[in-house]
1. What do you reckon, is residue 76 farther than 30 Å from residue 89 by Cα and out of contact with any Ser or Thr (no Cβ under 8 Å at 6 or more places or on another chain)?
2. Within the range 388-421, can you find the residues that are in a strand (DSSP E or B) and more than 18 Å from residue 72 (Cβ to Cβ)?
3. Based on this model, can you work out whether residue 71 counts as among the β-branched types (Val, Ile, Thr) and exposed (fewer than 15 other Cβ atoms within 10 Å of the Cβ)?
4. Can residue 292 be described as at pLDDT 95 or above and open to solvent by less than 10 Å² (accessible area, probe 1.4 Å)?
5. Given the options 46, 29, 37, name the one that is open to solvent by 20 Å² or more (accessible area, probe 1.4 Å), free of Cβ contacts under 8 Å to residues at least 12 places away in the same chain and more than 26 Å from residue 414 (Cα to Cα).
6. So, residue 335, is that one assigned to a helix (DSSP H, G or I) and more than 12 Å from the ligand (Cβ to nearest atom) or not?
7. For the range 379-402, what are the residues that are closer than 15 Å to residue 434 by Cβ, surrounded by 22 or more Cβ atoms within 10 Å (Cβ to Cβ) and out of contact with any Leu (no Cβ under 8 Å at 6 or more places or on another chain)?
8. Output the residues belonging to the range 304-330 that are crowded, with 18+ Cβ neighbours inside 10 Å and in a loop (DSSP other than H, G, I, E, B).
Amino acid sequence: MPPMYRDLPAVESLVQLIEQMCNDLTLPRALLVSVARAEIAAARLRMTDGGFTSTHQDLARGALAQLRASITPSLQAVINATGVIIQTNLGRAPLSAAALQAMQSVNQGYSNLEYDLAQGERGSRAAHLHDLLCRLTGAEAALVVNNNAAAIYLALSALAVSREVIISRGQAVEIGGGFRIPDILRQSGATLVEVGTTNRTFAHDYAAAINDRTALLMSVHTSNFRLIGFVHETPLAELVALAREHHIITLDDLGSGTLLPTAPYGLAAEPTVQERIAAGADLVTFSGDKLLGGPQAGVIVGKSVLIDRLSKHPLARALRVDKTTLAGLEATFHAYLLGRATEDIPIWRMIAATTTELRDRAERLVGMIGDASVMVASCTSTIGGGALPGETLPSYALAITTQAPDAFIRYLRQATPPVIGRIAQGVVLLDMRTVLVEQESQLIDVLRVVLDRSS
Ligand SMILES: *Cc1c(COP(=O)(O)O)cnc(C)c1O
């Protein structure tokens with residue numbers, strides 16, 4: 001006889017079954033009732049589809065699995081063994097110990113977020129990072145907002161509403177995650193004027209487009225792609241000269257934004273924020289969590305009169321950063337000021353790691369795992385985060401030879417903590433460059449479990 005609705009348990013008896021099964025945790029009754037109801041409703045549906053064969057025990061187990069899933073954090077720590085240092089999908093920059101400490105310390109209790117301790121009166125949240133940013137970048141003034149997209153949006157909204165913004169056709173780009181420069185420009189109320197061609201744009205192209213509706217010349221870091229061959233981008237200094245001649249503003253979206261030169265690490269020279277300020281850009285915007293190596297934020301540095309206008313715009317309030325971000329950024333900037341960035345800031349430690357160091361780490365782990373299918377192999381890491389596309393750093397990986405690399409990668413991804421690797425030529429690679437030293441023992445534990453499972 002086919003199962004009938006009356007074969008389903010009553011909510012109350014399913015609740016009791018669940019409670020018996022999860023004697024390790026006490027849960028609010030309302031939560032138990034709601035999962036029991038959901039499980040019964042799902043069973044009812046399967047019944048109408050003719051697919052219902054579950055016992056009451058099965059239903060209770062299903063409800064319990066739902067319960068456990070609902071109290072397990074969705075957002076969790078993972079081990080990045082991809083070799084992509086600023087991996088946007090994996091949360092971009094891991095933070096320095098000092099940044100983490102500062103973030104915890106201002107959140108544990110109260111802070112002087114908007115309180116002037118010297119005067120005993122209301123202070124400004126913008127004051128905390130202002131002088132530090134000016135000292136590090138050489139700019140007159142600075143403002144920090146929620147992220148770089150917000151920084152660009154605020155700058156354009158405050159300075160270019162109902163006016164024209166001239167941008168090279170080769171820089172009207174999509175950064176990723178659907179974020180397109182032309183869209184944000186239009187959204188801010190400015191009118192986009194594209195000049196030049198995709199591959200070549202000269203100062204005279206900008207000059208020909210300037211008129212009395214022009215608010216600013218914008219330059220955008222092309223981020224995640226690179227044009228090679230017959231290419232010309234107008235140097236920032238030429239844009240600055242042109243803008244000054246016409247009393248308009250230059251806005252430089254540097255994207256990643258770095259305070260340290262990248263060339264010493266065998267990478268192409270990524271323009272530094274200091275260089276762009278020195279070249280005369282009126283405003284430079286960049287991210288806090290890309291090559292800066294701090295928490296998510298957008299930094300705007302430049303001329304005081306302009307930063308003032310941005311700070312007073314109503315959007316500044318909507319896009320403002322919280323105390324956690326400010327604390328993490330301040331600690332990160334201190335590392336730069338003290339010349340300790342490549343020691344203290346994880347992404348700079350990763351960039352600066354030598355191949356000898358990486359091979360030693362890989363060899364040590366291979367020795368500890370002691371499984372013939374895990375060996376050391378050379379590989380290449382990348383920067384990611386839209387910085388230095390096409391540039392690579394030589395690195396070393398744990399290379400796992402297995403019949404089913406796709407399944408192996410999936411087991412790694414579903415482990416606790418999840419380990420994210422990649423497959424190259426049928427071999428699973430776990431790049432040591434992006435694995436934090438503190439994560440090595442966890443990585444070994446996960447590898448042992450997955451090797452067991454797939455043998
Ligand atoms: C990453 C990037 C942005 C966006 O920055 P977020 O901090 O992610 O908002 C904008 N412009 C460029 C050129 C970028 O590389």
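1. On the way: farther than 30 Å from residue 89 by Cα: no; out of contact with any Ser or Thr (no Cβ under 8 Å at 6 or more places or on another chain): yes.
No; evaluated as a whole, the condition is false for this residue.
2. Our first condition is that a residue be in a strand (DSSP E or B); within the range 388-421, this holds for 392-400, 419-420.
392, 393, 394, 395, 396, 397, 398, 399, 400, 420 - these are the residues of the range 388-421 that are in a strand (DSSP E or B) and more than 18 Å from residue 72 (Cβ to Cβ).
3. Values: among the β-branched types (Val, Ile, Thr): yes; exposed (fewer than 15 other Cβ atoms within 10 Å of the Cβ): yes.
Yes.
4. yes
5. 46
6. Criteria met by residue 335.
7. The answer is 384, and nothing else.
8. Selection gives 319, 321.
The values are calculated or read from the model by the stated rules, or taken from the named source; none is laboratory data. Not measured: the values here are computed from a predicted model. In this analysis, Cβ positions are derived from the backbone assuming ideal geometry, glycine residues included, and neighbour counts consider all displayed protein chains. Surface accessibility is based on the protein's heavy atoms, side chains included, excluding ligands, DNA and RNA. Shrake-Rupley method; radii C 1.70, N 1.55, O 1.52, S 1.80 Å.
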